[in-house]
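Asks: What follows is a single structure, and I will ask about it in a moment.
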Amino acid sequence: MKKYLTSLALVALLCGCQSNSETCTITGSELPTELEGAMVYLVADPMGTDSTQITANRFTLRCSTPSDSVLGMLSIPQGDIELPFIPESGDFTLTKDPSGAYSITSEDPSSLNAVLTSFTKEVNEKTKALATERESLEKQIRQASNPKESSEIQAQIDQVRVESAGIRSAIAAKYYESHHDDLVGALLFKELDYADEAEYVTLYEGASDLVRRDAKNTERYSKAKNALETSVGKPYKGDFEIPDGEGESVMLSDYMDGKRYLLLDFWASWCVYCRQAMPGLKQLSEEHSKTLRVLSIGVREKSKADNDRARESLGINWETIFDKDNVSYDAYGVLGIPTLILISPEGEVVFRGYQPAKLLEIITELDL
């Protein structure tokens, strides 16, 4: 039930709507016996929540359809089933494939829900081999005998993830091309790949109202704009308060002394790659102390205490601050951690990325 309540908060309303006289029907039959008596919910604000109960291994759920597109969620909490559903006129069926995965099907291939199901099916088919490979690698990493072996297997897993994401994005782009003005396109916009932040901004600004009204897309657009404003060659941002949640606050400009370069390291206690980067940062702080000031900024944490404990266990003895509200993280348009940003004494961003090796190249070039 907790997961179901979370879904209520996550249902994405992409535009205001009014109900009309048309209805949609979702049916399910031959459902597992363990779902007998379970509740089935369809949540689609502002339409509200429709519900029914599974009886004799089947259910029928009817709902009105809005005049404008909204995204709903079909949920059976007892079976841990959650599927996106677009309320639209027609008859739909909850089906289960041989692998055990549920989907919502329709006899009308032109329906938006049928298109979503087709997208998911194509992705699953074309990434099936990679999914099998990933399962095998994850089994191997659990049986790894030493850290070196684990690291090598993890690198392979990461590569499989990248390949899978690339396939998914390419398929999404194909579907988006023919559905960029409807809700399917608005959903798949999040799946599109892009070369850099500038391309994302261009895609967003040229997208439909449905895309630009979505809260997550708008937030992503804001981050992209901030990232461009703090990209290499642009002036740094530093005159804003960063509260630690315990009554103290600082500004990044406090750490600009006009003599040394400032290296910002955005990290979190739970981030494996952030932890792996710490020995290198320690070396930089010790070997380049006269020309480089290292500042690690704790972000995306549950509490300052978590960040403090990690800082102590990792032996971080250079300057650190805790950003409770992710103010600096958002101001620089950071999307993932670790992220490293190098700022010149004059306040210009000279490096931005996540690869320590690339940072070292820049530091060498600058003769720091």
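The values are calculated or read from the model by the stated rules, or taken from the named source; none is laboratory data. This is a predicted model, so every value here is computed, not measured. Positions of Cβ are backbone-derived with ideal geometry, glycine not excepted, and every protein chain shown enters the neighbour counts.
Asks: Within segment 23-37, restricting attention to residues that are surrounded by fewer than 19 Cβ atoms within 10 Å (Cβ to Cβ) and among the small types (Gly, Ala, Ser), which residue is farthest from Thr93 (Cα to Cα)?
Replies: Residues of segment 23-37 that are surrounded by fewer than 19 Cβ atoms within 10 Å (Cβ to Cβ), as a first pass: 23, 25, 27, 29-30, 32-37.
Next, only the ones that are among the small types (Gly, Ala, Ser) stay: 29, 37.
Working: Ser29: 9, Gly37: 19 Å.
Among residues in segment 23-37 that are surrounded by fewer than 19 Cβ atoms within 10 Å (Cβ to Cβ) and among the small types (Gly, Ala, Ser), the one farthest from Thr93 (Cα to Cα) is Gly37.
Asks: Another one. When both residues are 6+ apart or on different chains and their Cβ atoms are under 7 Å apart, which pairs have a first residue that lies in segment 300-327 and is touching a residue at least 60 places away in the same chain (Cβ under 8 Å), and a second that is crowded, with 17+ Cβ neighbours inside 10 Å and part of a loop (DSSP other than H, G, I, E, B)?
Replies: Listed by first residue and then by second, the contacts come to Lys304/Lys324; Asp323/Val299.
Asks: Give, as residue ranges, the strands (runs of 3 or more DSSP E) completely inside segment 23-117 that count at least 1 residues that are farther than 24 Å from Arg168 by Cα and more than 27 Å from the chain's Cα centre (by Cα).
Replies: On the way: elements: 39-43, 49-53, 59-66, 72-76, 81-85, 90-96, 102-106.
By residue number, 39-43, 49-53, 59-66, 90-96.
Asks: I need a count of the residues in segment 146-164 that are without any contact (Cβ under 8 Å) to a residue 12 or more places away in the chain and within 27 Å of Glu122 (Cα to Cα).
Replies: Filtering segment 146-164 for residues without any contact (Cβ under 8 Å) to a residue 12 or more places away in the chain gives 146-152, 155, 158-159, 162.
If we keep only those that are within 27 Å of Glu122 (Cα to Cα) too, we end up with 155, 158-159, 162.
Of the residues in that region, 4 qualify.
Asks: Identify the residue in segment 175-202 that is of a type in the set (Gly, Ala, Ser) and out of contact with any His (no Cβ under 6 Å at 6 or more places or on another chain) and, among all such residues, is surrounded by the most Cβ atoms within 10 Å (Cβ to Cβ). Steps first, please.
Replies: Pass one, segment 175-202, residues of a type in the set (Gly, Ala, Ser): 178, 185-186, 195, 198.
Still in the list and also out of contact with any His (no Cβ under 6 Å at 6 or more places or on another chain): 178, 186, 195, 198.
Working: Ser178: 11, Ala186: 26, Ala195: 7, Ala198: 13.
Going through the qualifying residues, I end up with Ala186.
Asks: While we're on this one: Considering only residues that are touching a residue at least 60 places away in the same chain (Cβ under 8 Å), in contact with a Lys or Arg (Cβ under 9 Å, 6 or more places away or on another chain) and either in a helix (DSSP H, G or I) or of a type in the set (Phe, Trp, Tyr) (or both), which ones fall in segment 201-219?
Replies: Going through segment 201-219, the residues touching a residue at least 60 places away in the same chain (Cβ under 8 Å) turn out to be 209-210, 213-216.
From what is left, the residues that are in contact with a Lys or Arg (Cβ under 9 Å, 6 or more places away or on another chain) are 214, 216.
Correct list: Lys216 only.
Asks: Considering each residue of segment 42-60, count those that are modelled with pLDDT under 95 and not polar (S, T, N, Q), and give that number.
Replies: Number satisfying all stated conditions: 8.
Asks: Could you list, in sequence order, all residues of segment 220-241 that are modelled with pLDDT of 95 or more, in contact with a helix residue (DSSP H, G or I) (Cβ under 8 Å, 6 or more places away or on another chain) and hydrophobic (A, V, I, L, M, F, W, C)?
Replies: Ala224, Ala227, Leu228
Asks: Quick one: in segment 203-217, of everything that is surrounded by fewer than 13 Cβ atoms within 10 Å (Cβ to Cβ) and of a type outside the set (A, V, I, L, M, F, W, C), which residue is modelled with the lowest pLDDT? Give the steps one after another, and end with the answer.
Replies: Taking segment 203-217 and keeping what is surrounded by fewer than 13 Cβ atoms within 10 Å (Cβ to Cβ), we get 205-206, 209, 215-216.
In the following step, the residues that additionally are of a type outside the set (A, V, I, L, M, F, W, C) were identified as 205-206, 209, 216.
On the way: Glu205: 96, Gly206: 94, Asp209: 91, Lys216: 86.
Filtering segment 203-217 for residues that are surrounded by fewer than 13 Cβ atoms within 10 Å (Cβ to Cβ) and of a type outside the set (A, V, I, L, M, F, W, C), the one modelled with the lowest pLDDT comes out as Lys216.
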